[in-house]
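Undergrad: Take this structure first; my questions come after.
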Amino acid sequence: MLAWTTTPGAPGGLTLREVPDPVPLHHELVVRVEAFAPNPGDLAMAPTLPAGSVPGWDGSGVVLAAAADGQGPGVGERVLFLGLAGGWAQHRTVPHTMTAAAPDDVAWERLATLPVPATSALRALRRLGSVLGRRVLVVGATSAVGRMAVQLAARSGAEVVAVARDEQQHEALRGLGARETHASLAGVGARVHGAIDIVGGHHLVDAYALLEPGGTVIALGHAAGADEHFPYGAFVADPTTADRSITSFFLGTEPGLAVEMGYLAADRTLDVGAIDLRPWAELPSWIEAADRRPAGRVVFRVDHTDRP
Ligand SMILES: NC(=O)c1ccc[n+]([C@@H]2O[C@H](COP(=O)([O-])OP(=O)(O)OC[C@H]3O[C@@H](n4cnc5c(N)ncnc54)[C@H](OP(=O)(O)O)[C@@H]3O)[C@@H](O)[C@H]2O)c1
């Protein structure tokens, strides 16, 4: 089969090569990959892999071989999936715990945008407990994860406070369910029950300062690539600041994501935003254009013409 393999010095650090078909473990399925949408995590991890590796976390496709342990979707089912490598290929293996069946009428490209961003947003929200009637802050709300967090929090009954530096996106964020929109955390007046922070740096510090007693910040992403410096007093507890916490998680090692992925795939009302669909031959040049990429999700359609 053909796969994009890590190649130091090549455009985008990748070359398309013939590689052996992947061999599944007992709990893994083999899928024919139809589409994938690179995430920041994929892009950060790819250059760190040994030469000849196949990067790629999530995507959509068709089951070619069911898991030997009998669990998960069966042969011929349309699926969306997540695994920590091997996705930028015509075929890949995925654990059944991270693979869900998808409805027939949902396009490959839409399914490919869901596994990492939407499942991360859902898992982050779960960590905040019940958000019904509570204020939930989403920092970096225009991001792929942030858009999902806004929508899922709103439908869970939260009063969503969205922070995004691009004010031109604020109306759209209100359309997704945000009750308040702000260009920076300085504009957020009242305290919040919980926060999902996708940006990090001073945003994380400021989000923590906005928590009610007992509140939690999920430090989900670090898009700003900046350090966090907490001033003296940030962790001094009094009746107005007690029992606040910061936590994090890594989606790739979260147990049992299949049920949530199935829920997200079947929900046609989630707005995944505009999709820029491209042939997979453009993957290296798109990676090379890192600083000049327009906002929005890019999905690559896998070419199977060399191997039907
Ligand atoms: N913990 C996990 O398991 C997990 C899972 C999924 C994702 N993540 C992480 O979550 C983050 C977001 O992922 P994504 O797919 O949603 O990314 P994305 O769609 O590429 O969005 C990145 C967002 O960060 C914002 N941003 C970047 N630098 C900023 C800065 N200096 N100040 C303010 N905003 C800034 C961008 O705002 P503009 O639109 O204004 O440019 C954009 O909204 C990444 O760090 C990713 O690695 C972690």
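Undergrad: Quick check: residue separation of A234 and S248 times 0.36 nm, minus the Cα distance between them. What number comes out in nm?
TA: Between A234 and S248, full extension yields 3.2 nm more.
Undergrad: Sort out for me the Cα centre separation of segment 200-262 from segment 59-74, rounded to whole Å.
TA: 35 Å
Undergrad: If I ignore ligands, DNA and RNA and count only protein heavy atoms, how much of D105 is accessible to a 1.4 Å probe, in Å² to the nearest 10?
TA: Solvent-accessible area, nearest 10 Å²: 110 Å².
Undergrad: Here's another thing I want to ask about it. Label segment 53-166 by shape, choosing from rounded, prolate and oblate, from the square roots a ≥ b ≥ c of the eigenvalues of the Cα gyration tensor; if a/c is under 1.5 it is rounded, and otherwise prolate applies when a/b is larger than b/c, oblate when it is not. Please list the in-between numbers first.
TA: On the way: a/c = 2.52, a/b = 2.00, b/c = 1.26.
Because a/c hits 1.5 or more and a/b exceeds b/c, segment 53-166 counts as prolate.
Undergrad: Then there is this: Suppose the chain between A186 and V62 were pulled fully straight at 0.36 nm per residue; how much longer would it get relative to their current alpha carbon spacing?
TA: Length difference between fully extended and current span is 40.0 nm.
Undergrad: Sequence gap at least 6, Cα distance under 8 Å: using those rules, report the relative contact order of the chain to the nearest whole percent.
TA: 17 percent
Undergrad: Which value, in debye to the nearest 20, describes the size of the charge dipole of the chain about its Cα centre when Lys and Arg Cβ atoms bear +1, Asp and Glu Cβ atoms bear -1, and nothing else is charged? Don't skip to the answer; put the middle values down first.
TA: Values: 24 positive and 33 negative charges, 69 e Å.
Dipole magnitude for the chain comes out near 340 debye.
Undergrad: Please work out the FRET efficiency for the pair A274 and D69, using the Cβ-Cβ distance as r and a Förster radius of 41 Å; give the result to the nearest 0.05. Working shown, then result.
TA: Numbers: r = 39 Å, r/R0 = 0.95.
For A274 and D69, the calculated efficiency is 0.55.
Undergrad: Taking the full set of protein chains and a 1.4 angstrom probe, give the accessible area of H203 in square angstrom, rounded to the nearest 10.
TA: Here the accessible area works out near 40 Å².
Undergrad: Between the DSSP loop rule and a limit of at most 16 other Cβ atoms within 10 Å, which GluC sites (Glu not before Pro) in segment 1-81 are left?
TA: For GluC sites (Glu not before Pro) across segment 1-81 that sit outside H, G, I, E and B with at most 16 neighbouring Cβ atoms in 10 Å, the list is empty.
Undergrad: Still on this structure, I have one more. Where only protein heavy atoms count, and the probe is 1.4 Å, what is the accessible area per residue for segment 117-251 in Å²?
TA: 45 Å²
Undergrad: On the full set of protein chains, 1.4 Å probe, figure out the accessible area of R244 and give it in Å² to the nearest 10.
TA: 40 Å²
Undergrad: Heavy atoms only, probe 1.4 angstrom, no DNA, RNA or ligands counted: give me L111, L176 ranked by accessible area, highest first.
TA: L176, L111
Undergrad: Please label the shape of segment 117-251 as rounded, prolate or oblate, based on the square roots a ≥ b ≥ c of the eigenvalues of the alpha-carbon gyration tensor (a/c under 1.5 means rounded; beyond that, a/b larger than b/c means prolate, else oblate). Don't skip to the end; give the middle numbers.
TA: Numbers: a/c = 1.43, a/b = 1.30, b/c = 1.10.
Since a/c stays below 1.5, the shape of segment 117-251 is classed as rounded.
Undergrad: Between A295, A266, A207, where does the largest GNM mean-square fluctuation fall for the chain, given springs only between Cα atoms within less than 10 Å?
TA: A295
Undergrad: Which residues in segment 44-76 have a backbone N closer than 19 Å to a point placed 7 Å from the Cα of R127 along the Cα-to-Cβ line?
TA: From segment 44-76, the list is empty.
Undergrad: To continue, here is another question. Quick one: order F250, F235 from most to least accessible surface, probe 1.4 Å.
TA: Reading off the accessible areas and sorting them downward yields F235, F250.
Undergrad: Follow-up question, since we're still on this one. Accessible area, 1.4 Å probe, largest first: how do S245, S130 sort?
TA: S130, S245
Undergrad: Just the number, please: carbon plus sulfur as a percent of the accessible area of segment 118-213, 1.4 Å probe, no ligands or DNA/RNA counted.
TA: Accessible surface attributable to carbon and sulfur in segment 118-213 totals 46 percent.
Undergrad: Classify the chain as rounded, prolate or oblate from the Cα gyration tensor: take a ≥ b ≥ c as the square roots of its eigenvalues, call it rounded if a/c is under 1.5, otherwise prolate when a/b beats b/c and oblate if not.
TA: prolate
Undergrad: Just to check I understand the Karplus step: with θ = phi - 60° and J = 6.51 cos²θ - 1.76 cosθ + 1.60, what whole-Hz values come out for segment 190-198, glycine and proline as x?
TA: 7, 5, 10, 6, x, 9, 10, 9, 9
Undergrad: Right, another one. Say we join alpha carbon atoms closer than 10 Å with springs in a Gaussian network model of the chain; which of S120, S285, S143 then has the biggest fluctuation?
TA: Maximum fluctuation in the GNM of the chain, among the listed residues, is at S285.
The values are calculated or read from the model by the stated rules, or taken from the named source; none is laboratory data. Owing to the predicted nature of the structure, the values given are computational and were not obtained by experimental measurement. Cβ: placed from backbone, ideal geometry, glycine included. Neighbour counts: every protein chain shown. Ligands, DNA and RNA are excluded from the accessible area calculation, which covers all protein heavy atoms including side chains. Shrake-Rupley method; radii C 1.70, N 1.55, O 1.52, S 1.80 Å.
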